[in-house]
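Here is the structure we will look at.
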Amino acid sequence: MASPKEIKIVGEYIALGQFLKLARIIDSGGAAKSFLAETPVYINGEQDQRRGRKLRPGDEILVLGKTYRITA
C-alpha cells in the first residue's frame, strides 16, 4: 500500500471542508457539502461526513481510494 500523502497545515486544526479544498479534491469550499453527501470519507478508520469536523496533525483521511495524513 502506498504511503499517505501528507497535507501540511498551519494552526491547531483544519476543517474537513477546508482539507478537501487544500488537497485539491474539490474545487471550492461550496462544493464540500454536496461532495460529502455523495462520497464516503473515513477519518482514522471511521466514516464522517461533517464538513466542519476538525482534523488535527496525525489524523488520516481516506477519500476516493487515497489516504492523506495531516501534518503540522
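The values are calculated or read from the model by the stated rules, or taken from the named source; none is laboratory data. Note that the structure is predicted; figures quoted are calculated from it, not measured. For neighbour counting, all protein chains shown are included, and Cβ atoms are generated from backbone atoms with ideal geometry for every residue, glycine included. Surface areas here come from the heavy atoms of the whole protein model, side chains and all, with no ligands, DNA or RNA. Shrake-Rupley method; radii C 1.70, N 1.55, O 1.52, S 1.80 Å.
For the reader, a short list of remarks on this structure follows.
- Of the residues Ser34, Ser28, the single one that is modelled with pLDDT under 95 and out of contact with any Ser or Thr (no Cβ under 9 Å at 6 or more places or on another chain) is Ser28.
- Given (1) touching a residue at least 40 places away in the same chain (Cβ under 8 Å); (2) touching a helix residue (DSSP H, G or I) at 6+ places or on another chain (Cβ under 8 Å); (3) part of a loop (DSSP other than H, G, I, E, B); (4) not acidic (Asp, Glu), index of the condition Pro57 fails: (2)
- Positions within the range 1-53 being assigned to a helix (DSSP H, G or I) and under 11 Å from the mean Cα position of the chain (by Cα), in sequence order: Leu16, Gly17, Gln18, Phe19, Leu20, Lys21, Leu22, Ala32, Leu36
- Residues within the range 46-64 that are open to solvent by less than 70 Å² (accessible area, probe 1.4 Å) and more than 12 Å from Lys5 (Cβ to Cβ), tallied: 8
- Filter result for Glu6 (open to solvent by 100 Å² or more (accessible area, probe 1.4 Å) and under 14 Å from Ile70 (Cβ atoms)): yes
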